[in-house]
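Okay, structure first, notes after.
Readers should treat all values here as calculations from the given coordinates under stated rules, not as data from a laboratory. Here the structure is a predicted model, which means the values were calculated and not measured. Don't worry about glycine lacking a Cβ; one is built from the backbone with ideal geometry, like all the others, and counts go over all protein chains shown.
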Amino acid sequence: MSMKGGGFDRKSKASSEVPSSSLADIAFLLLIFFMVTTVFQADRDRPIEWPEAEAAEKIDEKQKNILNIWLERSGTVFMNDQPFGMPDVSSFVAPLYAASDRALVISIRSDRQTPYIYVDQLQKELVEAGVVRVVFATQLEQSMQRERR
Amino acid sequence: MAVLNNKKQKVSDEVPTSSMADIAFLLLIFFLVTTTFPKDKGLAIVLPEQGEEAQVSQNNIMHLIIQPTGIVDVRRGEAQNTQQMRPEQIESLWRQAISENPNLIAAVKTHPDAAYEYMVDVLDALHSASAERISLQILE
């Protein structure tokens, strides 16, 4: 090292780089934040054969305001992983509906082979509970599939 | 520069951690991209309020009677003659009918033994034809 410039060209000890050692911590923090805040549906899927529809639209409501009602081929109703008899549906749904400020949307997930009488009974139970917004959950039918039929 | 032996060894004895941030971001982006939220799809319908009954002129009703075989009997208002068709054909029928009468209501009456999928097929056809006034009933 020469001292020709009176020491001015001595290299500074402060790093000229942006400190990046904490970047990993920030990234992990974000990763953990998103992992924690992600809410997955609470109830487990029942084994049903989904009906298919072309005009199916996304349900425009928050996940927590959607109640899934599974209706099996035998007419058994499942809500929140619990089996229900048809007459008990309205007494279970009504308090949930009131608690949600009438924003609750019912997603009816029925097997495609379910006799319609059960679907009708379920609808009558929901009307009794005061529920207005109902969605018949379906899988999206591909238009190619439809043309082949 | 003659004293080569005196120079400090430049190989670091630490594990390189500068790429750690890249790896973390890569993981973050990977999980952000691959996470699919189970957004449900379906055919929305508004159920009537309890005890709500509207009187509708028979001229404004199209009866769609779904038989257990999946065949749909279409009957307009008070007309006695029915037309048999498959659920896929309802879409074009509805488009034509609604252009003639904008106040038309689709009364979907399903046989108690008919499979749910046939009702969904009919409802799908009506939704595809952007029908708004749909009434779901059971065939008595």
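For the residue pair A:M35 and A:D88, what label-to-label distance in nm results when each label sits 7 Å from Cα along the Cα-to-beta-carbon direction?
It is 3.8 nm.
Using bins 10 angstrom wide from zero, how does P(r) for chain B break down, in % of all Cα pairs?
Histogramming chain B at 10 Å steps yields 10, 29, 19, 7, 7, 7, 6, 5, 5, 5, 1, 0 percent.
If all Cα-Cα distances of segment A:52-144 are sorted into 10 Å bins from 0 onward, what percent lands in each bin, rounded to whole numbers?
16, 50, 29, 5, 0
In Å and on Cα atoms, what radius of gyration and Dmax does segment B:58-138 show?
My reading of the Cα-based Rg and Dmax gives 11.3, 33 Å.
Report P(r) for segment B:32-79: all Cα-Cα distances, bin width 10 Å, range 0 to the bin holding the largest distance, values in whole percent.
Binned Cα distances yield the sequence 17, 23, 32, 12, 11, 3.
Under a Cβ-Cβ cut-off of 12 Å, what is the net charge of the residues other than A:L126 that fall near it, where Lys and Arg count +1 and Asp and Glu count -1? Can you show the working numbers first?
Working: positive: A:K124, A:R133; negative: A:D120, A:E125, A:E128, B:E49.
Net charge in that neighbourhood comes out at -2.
How long, wide and thick is the protein assembly as shown, going by the Cα atoms along their three principal axes, in whole angstroms, largest first?
Principal-axis extents of the protein assembly as shown (Cα, largest first): 112, 42, 32 Å.
Count of lysine pairs in the protein assembly as shown with Cα atoms under 17 Å apart, counting only pairs 8 or more residues apart in sequence or on different chains?
Counting lysine pairs in the protein assembly as shown gives 7.
Among the complete DSSP H segments of chain A, which ones combine at least 15 Å of alpha-carbon extent along their axis with a mean Kyte-Doolittle hydropathy of 1.0 or more?
A:23-37, A:89-99
Mean residue ellipticity at 222 nm from the helices of chain A, using -39,500 (n - 2.57) per DSSP H segment of n ≥ 4 over the full residue count, to the nearest 500 deg cm²/dmol?
So the helix-based figure for chain A works out to -9000 deg cm²/dmol.
Give the percent of DSSP beta bridges with both residues in chain B that are antiparallel, rounded to the nearest 5.
So the antiparallel bridges amount to about 40 percent of the total.
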